[in-house]
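Quick note: the coordinates plus some simple rules give every number you see, no bench work behind them. Just so it is clear, the model here is predicted, and its values are computed rather than measured. Glycine also receives a Cβ, built like all others from the backbone with ideal geometry; neighbour counts cover every protein chain displayed.
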Amino acid sequence: DTEVTQTPKHLVMGMTNKKSLKCEQHMGHRAMYWYKQKAKKPPELMFVYSYEKLSINESVPSRFSPECPNSSLLNLHLHALQPEDSALYLCASSQVGRGRHEQYFGPGTRLTVT
Amino acid sequence: GDSVTQMEGPVTLSEEAFLTINCTYTATGYPSLFWYVQYPGEGLQLLLKATKADDKGSNKGFEATYRKETTSFHLEKGSVQVSDSAVYFCALSSGAGSYQLTFGKGTKLSVIP
């Protein structure tokens with residue numbers, strides 16, 4: 001099973017709202033990722049968690065707050081977003097350790113900020 | 001730093017035509033190379049991978065060979081179908097234990113009946 005699930009599939013939120021995106025994997029992967037993808041562009045890395053600890057934060061604004069409650073779950077908490085934050089948010093997971101491991105992506109959450 | 005260069009799209013082909021999407025890379029060390037595919041409205045799916053020179057990755061009729069001498073990883077398919085219409089991303093991961101995927105800009109493929 002190489003499935004990564006994400007909820008919700010679509011989200012519309014106002015600039016004053018607080019919402020959360022959720023991601024889950026059951027492949028036993030110990031690295032999980034959040035990416036942002038704008039139309040007609042490749043994904044841009046936002047955060048990496050390794051063994052439930054934040055290991056990479058690509059200078060993402062504080063209105064995005066990641067959380068990794070356990071090895072299977074990854075959340076992205078959203079607060080006071082801007083219209084330019086509208087994008088497809090992708091979660092991914094991979095093995096860790098020696099080697100250059102492929103990442104498995106979820107279907108994404110299409111976020112619209114109004 | 002690492003980089004991936006893909007041929008510019010969009011690419012439009014008739015059904016059953018031969019497909020090549022060129023991908024070249026610059027990386028330190030010995031990267032692993034990947035092709036991902038993104039169908040409209042969906043996330044990225046791993047299409048195939050190669051982890052060392054001369055490896056050939058293959059899946060669903062697609063193939064790509066890791067060519068270290070030309071730093072290339074071109075994607076090919078002998079006979080495309082309408083269902084292959086998607087955006088294709090070439091990507092690499094370099095450095096042992098690296099979490100970073102470096103993506104190309106993507107190539108949009110449209111296959112017409």
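Averaging sequence separations of C-alpha pairs under 8 Å and six or more residues apart, then dividing by the length of segment A:1-110, give the relative contact order as a whole percent. Show your work: numbers first, answer last.
On the way: 257 pairs, mean separation 39.4, N = 110.
Relative contact order for segment A:1-110 comes out at 36 percent.
With no other cysteine's Cβ closer than 4.7 Å, which Cys residues of chain A count as lacking a disulfide-compatible partner?
A:Cys68
Step through the table entries A:Lys53/B:Lys52; B:Lys52/B:Lys105; A:Lys22/A:Lys53; A:Lys22/B:Lys56; A:Lys19/A:Lys41; A:Lys19/B:Lys60, compare each Cα-Cα distance with 28 Å, and write down the pairs that go over it.
Over 28 Å apart, Cα to Cα: A:Lys53/B:Lys52; A:Lys22/B:Lys56; A:Lys19/B:Lys60.
In segment A:11-74, which GluC sites (Glu not before Pro) fall in coil by DSSP and have 11 or fewer other Cβ atoms within 10 Å?
Of the GluC sites (Glu not before Pro), not one in the loops of segment A:11-74 has a Cβ with at most 11 other Cβ atoms within 10 Å.
State log₁₀ I(q)/I(0) for segment A:33-95 at q = 0.14, 0.17, 0.26, 0.27 Å⁻¹ as given by the Debye formula over alpha-carbon point scatterers of equal weight, solvent excluded.
With no solvent term, the Cα-only Debye profile gives -0.39, -0.57, -1.25, -1.32.
Please list the three semi-axes, largest first and in whole Å, of the ellipsoid equivalent to the protein assembly as shown, using sqrt of 5 times the eigenvalues of its alpha carbon gyration tensor.
Over the Cα atoms of the protein assembly as shown, the ellipsoid semi-axes are 30, 21, 15 Å.
Would you work out the Kirkwood radius for chain A? I mean one over the mean of 1/r across all pairs of different Cα atoms, in Å.
14.1
Roughly speaking, what is the centre-to-centre gap between segment A:52-114 and segment B:57-113 when only Cα atoms are used, to the nearest Å?
Computed from Cα coordinates, the inter-centre distance equals 24 Å.
What longest range of chain B stays clear of loop-exposed trypsin sites (Lys or Arg not before Pro) (DSSP non-H/G/I/E/B, at most 14 other C-beta within 10 angstrom)? Provide the component values of the computation, followed by the final result.
On the way: sites that count: B:Lys52, B:Lys60, B:Lys68.
Answer from the scan: B:1-51.
Among the chymotrypsin sites (Phe, Trp or Tyr not before Pro) within segment B:12-90, which fall in a DSSP loop and have no more than 13 other Cβ atoms within 10 Å of their own Cβ?
Listed in order of number, the matching sites are B:Phe18.
Along the three principal axes, how long is chain B when you take its alpha carbons, biggest first, rounded to the nearest angstrom?
The Cα atoms of chain B stretch 43, 28, 22 Å along their principal axes.
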